[in-house]
Every structure is written in C-alpha cells, then in structure tokens.
Amino acid sequence: MFLFFEGSEKKAEIVVKATQISLLDDIEDDFWPVLVQCCNAQILSSIRNHDCKAFLLSESSLFVWHDRILILTCGNTRLVHSVEFFIQQIGMDNIQQVIYQRKNEYFAHAQPSSFGDDIKLLGQYVAGKAYRFGELDSHHNYIFHQDNNFQADNLDKTYEFLAYQISQQASEKLTTVGLKAEEIRQFLQLDKLIGDFLLDDFVFDPFGYSVNAIKGKHYLTIHVTPQANSSYVSVESNINLRALTEKFLTILAPKSFDLLSFNDFDFVNLTDEFIPTNYVSKSRVSEHLSNNYLVCFANYILPQQGFAKAKAFDIAGEKHAL
C-alpha cells in the first residue's frame, strides 16, 4: 500500500511592535491553541524559557518570542488561515512585518491551496512582494513579504537545511517499529550537537519525528518524514547550521538537499567550506529584499555515477518576482 505524508513546510514569521505588545507576556495561553487550530493542527506539548516559548505541533512547530512568532506547518495544513487569525486578533497597527514562505511539495495536487491562493488571501491585509528562489521544475521556495518601511537587523539570521530522499539505511532506522525518541536523538547525535538546549520531542505513529530546542533566544527545530517513497528532513535555526549540516549530511546521506539563509553575508564561503565534494551544486541564487533580508538559496544533488562533477554556480535567473 502506498502511503505518504507531505513533509514540506509552509512557514510564517510575523514581527510585532514590541513597545506596544509582548507576545510572551500580554497574550493569554488559550490564544495559541486557537491560532494553531485555524490551520487544522493541534498543540502536542510546549517548553519555555525567559525569552521564548516553543510549541510542538501535530504538524511541525510554533515559536513565540516577545516581538515575533514563527510557525511552520506541514501535511495538508492551511497555514495562511493562522496568519489571517493572528492579523485579525493582534491588528495591523501592532504588526511591523509579515513574511510567508512555502516550498515546493512532493504532492502539490493534494494540497488545499497553492502559494498563489495564499498570497491572494494575505493581500487583503498587507501589500507585499513575492519571489521564487530556485528552479520551477525542481526544488524551489516561494517567499512573500510585507512591503513597508520595516528593515530587518543584519544580525537577524535564519538557516534552513532541507534534505530529500535520505539513505536506505537512515530510512530503515527511522521507520523501525516501536522506535523511541531517545533512540532517534541518539541516531541524529542531538545530545552531542545541541546538548545544552532544552529539548521537546515526539515520535509519530506510524512514523515521523519532531523536536524543538531552545536556549535563550536561540531555537532549532527538526522534522523528519522517513518513509522511503517521500523521505524528507528539515532543520531550521537561528544559529549557524554550518557544523550541524555537515553532521546531518553524514548521518542522513540524502540524494539532494537545499540550503536557505536569511542575512548570512558569507553564504558562498559557508557552503564551500563544508559541503562534501560528491555533491554538485545545481543552483545557487540570492536576492536582497526590500525589508533588508539577504536571502540565499542553494540546491545540491548527489549525481548518478558518471555524472559530471563540475559545479554550476549561476547566480542570476533563478529568482523571480511574481
């Protein structure tokens, strides 16, 4: 029987005016389950420190800081409805910036909406710009952001590592019946890599794994869809993923992967330093958005035997304004 789960995430980050409202201190706890339910997901558990609250969801994660939220959802969720709820409840007068992101899906035909549908709805509330990073017939990310006078701090950095078609060994390990969270943490070497973070994780039935990790204002989240026919692993953090990506490539050995960064001004050198030489760069693009985020995207593939190993570093032609 062919079973699949759409691991590819939709993502939204909303920045509020912290002088007017603190999302950690001024918003009641019962607000967040309602927000999550708007996209047909549920909160499974949560952890908190002084700077951040992290919710583990039935589909991915929600992070809340004093001045912003970050929510990622996968499966057949309609994340845009949660964004709409947040805007309606908090009010645009209290919001500085809305960023909505969506990557290409394995099974786009099974989704209840497209990126175009989503930004059409968002356009009722905010004027914005939309871009595509990557090749239309291959891996790509769509990004929509509010077009106003907001300027992101250069130190506001985010990294994403998106791995496709993990090795047979990794897939078999992560689809072992009865696998415990502790065993997955050990397999992914999380205790070694982020042992000083506060962790919250969950193993899904029949397969799948999610973990949130926070330390001060720093966060890291991992979501694993291990089924061989649609395997996908995403890692996102506001800490530099250079060392972690190198480790995850060794552990997962995917056939292809994407790297996406916001405000990493040394992206080219970053990738050249740690990407194994057996991977070929299929596309690499960058764009400085009007909200002051430098967005860089790169897609790497593990070529079949005999495929030329020369890297293609085309910067132009992959980013498109919509």
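The values are calculated or read from the model by the stated rules, or taken from the named source; none is laboratory data. These numbers come from a predicted model, not from an experiment. Glycine gets a Cβ as well: all are built from the backbone with ideal geometry, and neighbour counts include every protein chain shown. The area values use the complete protein model at the heavy-atom level, side chains included, leaving out ligands, DNA and RNA. Shrake-Rupley method; radii C 1.70, N 1.55, O 1.52, S 1.80 Å.
Where helices (runs of 4 or more DSSP H) fall entirely within the range 132-193, those with at least 3 residues that are open to solvent by less than 70 Å² (accessible area, probe 1.4 Å) are at 168-174, 181-187.
The residue that is farthest from CYS296 (Cα to Cα), among those in the range 227-240 that are among the aliphatic types (A, V, I, L, M) and open to solvent by 10 Å² or more (accessible area, probe 1.4 Å), is ALA228. Residue-level check: of (1) at pLDDT below 95; (2) in contact with a His (Cβ under 7 Å, 6 or more places away or on another chain); (3) open to solvent by 10 Å² or more (accessible area, probe 1.4 Å), GLU318 misses just (2). Among the residues making up the range 22-64, those that are over 16 Å from ASP201 (Cα atoms) and within 17 Å of the chain's Cα centre (by Cα) are VAL36, CYS39, ALA41, VAL64.
Mind checking which residues of the range 42-54 are closer than 24 Å to ARG78 by Cα and either charged (D, E, K, R) or touching a residue at least 40 places away in the same chain (Cβ under 8 Å) (or both)? Residues satisfying the conditions are LEU44, SER45, SER46, LYS53, ALA54.
Beta carbons closer than 6 Å, at least 6 apart along the sequence or on distinct chains, pair a first residue in the range 281-297 that is in contact (Cβ under 8 Å) with a residue 60 or more places away in the chain with a second that is in a loop (DSSP other than H, G, I, E, B) and aromatic (Phe, Trp, Tyr) for ASN291/PHE150. Checking the condition among the hydroxyl-bearing types (Ser, Thr, Tyr), farther than 22 Å from VAL64 by Cβ and either open to solvent by 60 Å² or more (accessible area, probe 1.4 Å) or modelled with pLDDT of 95 or more (or both), which residue from TYR209, TYR279 passes? The match here is TYR209.
Table: residues versus (1) free of Cβ contacts under 8 Å to residues at least 60 places away in the same chain; (2) among the hydrophobic types (A, V, I, L, M, F, W, C).
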position: SER114; (1), (2): yes, no
position: GLY134; (1), (2): no, no
position: THR158; (1), (2): no, no
position: LEU188; (1), (2): no, yes
position: GLY216; (1), (2): no, no
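Contact map, the range 1-30: residues that are at negative phi paired with residues that are at pLDDT 95 or above and surrounded by fewer than 10 Cβ atoms within 10 Å (Cβ to Cβ), Cβ distance under 6 Å, separation 6+ or inter-chain. No pairs are found. Beta carbons closer than 6 Å, at least 6 apart along the sequence or on distinct chains, pair a first residue in the range 71-84 that is of a type in the set (Gly, Ala, Ser) with a second that is assigned to a helix (DSSP H, G or I) for SER82/LEU35.
Restricting to the range 234-257, give me the number of residues that are touching a His at 6+ places or on another chain (Cβ under 6 Å) and part of a strand (DSSP E or B). So the count comes out to 1. None of ILE95, ILE87, ILE69 is open to solvent by less than 20 Å² (accessible area, probe 1.4 Å), within 16 Å of the chain's Cα centre (by Cα) and at pLDDT 95 or above except ILE69. Selection over the range 258-294 of residues that are part of a loop (DSSP other than H, G, I, E, B) and of a type in the set (Asp, Glu) gives a count of 2.
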